[in-house]
Each structure stands twice: as C-alpha cells, then as structure tokens.
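Structure first, then comments.
The values are calculated or read from the model by the stated rules, or taken from the named source; none is laboratory data. These numbers were taken from a predicted model, which means no experiment stands behind them. Cβ placement follows ideal geometry from the backbone for every residue including glycine, while neighbour counts extend to all protein chains displayed. Side chains included, ligands, DNA and RNA excluded: accessible areas come from the protein's heavy atoms. Shrake-Rupley method; radii C 1.70, N 1.55, O 1.52, S 1.80 Å.
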Amino acid sequence: MNKLPFKVIAADMDGTFMRDDQTFDYKRFDRILDQIHENDAHFIVSSGRPHSRLRRDFAGFLDRIDMIADNGSLLIQDDNIISTHLLTHKTTVELLEFIQVHYPNSSVIVTGINSSYTTLDASPDFKQTMNFYYPNRVEVPDLIQAVSPHDNVTKITLSYQRDFSEELEQEFNKHHAEKIHCTSSGFGLLDIVPYSVNKGNALKYFLRYFNAQPSELIAFGDGMNDKEMLELADYSYAMANGEPALKKVAKHIAPSNNDDGVLEVLDGYLK
C-alpha cells in the first residue's frame, strides 16, 4: 500500500460521495477507511446536510469519521459537536421577513441544531425533499412565530427556479449589521448561513485541529458550495458530473458520483 501524500480528506455528499440513489459502497468505504487510518489520515464528510441526516447516513462509521454539517455551521469530531456558527434570533427573523417580501414564491426551511421548521403551505415537492433531509421537521403556520431564541439556527434554506444567492446576499447585507452568506447547492436549493461560514473555513479549523496544512488536504465536490474548500486544497477534485464553474476551480476531475468517483480516486492513491 502506498503512503498517502495527504493527511486530511474532505468529501461533499450529494452529487459527490453519495450516488444519486442515496447509496454508497459500504464495504469498500470500510476498507478504505481502515487504510486511511493506517496512514494516520482523517476523513471528513463536508456537506450542506444537517447533522441529524449525516448521523443516519454514516451509522456504523461515526467514531471513524469527522463531519462538517450545514455547509460549515456545525463541526463534528468523534460524533461530538466541537464548533458552532449560528444565526442570531434577530437576524433569523429579519431574514424571514426579507424573504417573505422579496422571494414570496420560495419554500423555506429553518434549520436548528435540534429543530427544523417548514410552513404548512410549502410546495409538495419541497416537502418531499425535506422529508429525506429533515425527517423530524415540524410544519408550522408561521416561521417567524415558530422560531425561538433557543432554537440555535444554523441555516435557512430556500427553493428557487433561478439562482439568486448573490443577489440575496448583497441586498440583505446592505441594510443589516449582521452579515450573511448565501450559496447554491446546485439542486434548486439555496442556503443562508452566517457570513464567514463556508466549507473552506470549516476545513481550516480542522487542519489546525489535526496539525495539517492545505498542502496535505484532498477535497472532492460537485457544486459551488464546494468552491472554497477546493480552492483551499492542494489536491482538488471536481466530479465529472459537477458544475462547469467548479471544474474550472479544481485541479483534477474525478469520475462521477454514480461511478463512486471519490472511492475510485482514493483507491488509486492507496494502491
């Protein structure tokens, strides 16, 4: 087995590590994880998915992987939350009011560490998608009334027909002291998180935690919410099925998610 040239591996989930049918090769991943640990390296799931969903996705692996959830709002090591970046209650309310005025046709979910809320009148397609990612979500008549200061909001997600993430971020930040960051998942969903939150900054935290450098990081992604982490990594891979703009950022192209591209590339380094 070859010695790995990197210490930290970061992989996005949807469109990257996970196949379109929401499966991955468990036996192959188990074997690769053993080899990764023999190399004193670390595997980090870096996703826009909430922590509760990721815990289900990787049941049986939780003591062997680390996680970046909600696009960087939550960092998890050995199944324990080690860092949080939250939207204040005031900004959460202001964002919901802003969305109601400027994007009234968008369905919305508010994600907290322990609770998630959608409205009763959210679109059926949106609800169906959220049933998978947020199985314990609560439907409420009014999001502003439902969200309390104790909900520890990590992210607000909107549906869209066109990507207005840059527009929303710029317009909201013009008039509010607490800044936010918007990013598109590439699947018709837009995430709003605190301003400095992204997968790249989350990985910087983990690199310090593991005493590693960006030159010792390999990262895989398919959408523009993976841009910062691919820019950070010396070994950067966009998936063959990834967005064209991300492929311009990456140094390499991996096979598609449905061809187990992440595991294929890692196996190539391990042979």
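Can you say what percent of the DSSP beta bridges in the chain, counting only those with both residues inside, are antiparallel? Round to 5.
Values: 25 of 47 bridges.
Restricted to the chain, the bridges split so that about 55 percent are antiparallel.
So, in nm, how far is label residue 114 from label residue 140 when the simple model puts each one 7 Å beyond its Cα toward the Cβ?
A separation of 1.4 nm, rounded to one decimal place.
Rolling a 1.4 angstrom probe over the protein heavy atoms, how many square angstrom per residue are accessible across the chain? Could the numbers behind the result be given before it?
Working: 11880 Å² over 271 residues.
Heavy-atom SASA per residue in the chain reads 44 Å².
Grab the Cα-Cα distance for residue 166 and residue 37, subtract it from 0.36 nm times how many residues apart they are, and report the gain in nm with one decimal. If you can, show how the numbers build up before the last one.
Details: separation 129, 0.36 × 129 = 46.44 nm, distance 3.93 nm.
Here the segment from residue 166 to residue 37 would lengthen by 42.5 nm.
State the label only: which of [x] 114, 43, 30; [y] 57, 34, 32; [z] 76, 47, 37 corresponds to Cα extents along the principal axes in Å computed from the shown model?
[y]
So how do 79-86, 217-224 stack up, highest first, on mean other-Cβ count within 10 Å?
Numbers: 79-86: 14.9, 217-224: 26.4.
Going from most to least packed, we get 217-224, 79-86.
As I understand it, the value is the acute angle between the Cα axis of helix 89-102 and the longest principal axis of the Cα atoms of the chain; what does it come to in degrees, rounded to 10?
Orientation of helix 89-102: about 70 degrees from the principal axis.
Can you tell me the FRET efficiency between residue 125 and residue 27 if r is taken as the Cβ-Cβ distance and R0 is 25 Å, rounded to the nearest 0.05? Could you put the intermediate results ahead of the total?
Values: r = 34 Å, r/R0 = 1.35.
Working from the Cβ atoms, E equals 0.15.
So, R0 is 25 Å and r is the distance between the beta-carbons of residue 78 and residue 234; what FRET efficiency does that work out to, to 0.05? Each step should come with its number before you reach the end.
Working: r = 26 Å, r/R0 = 1.03.
E between residue 78 and residue 234, to the nearest 0.05, is 0.45.
Please give the contour-minus-distance gain from residue 174 to residue 209: 0.36 nm per residue of separation, less the Cα-Cα distance, rounded to one decimal in nm. Walk me through the intermediate numbers first.
Details: separation 35, 0.36 × 35 = 12.60 nm, distance 3.45 nm.
In short, 9.2 nm is gained.
Between helix 26-38 and the chain, what is the angle of the helix's C-alpha long axis to the longest principal axis, kept within 0 to 90° and rounded to the nearest 10?
Roughly 70 degrees, rounded to the nearest 10.
Using a 1.4 Å probe on the protein heavy atoms, what percent of the accessible area of the chain belongs to carbon and sulfur?
Numbers: 5580 of 11880 Å².
Ligands and nucleic acids excluded, carbon and sulfur give 47 percent.
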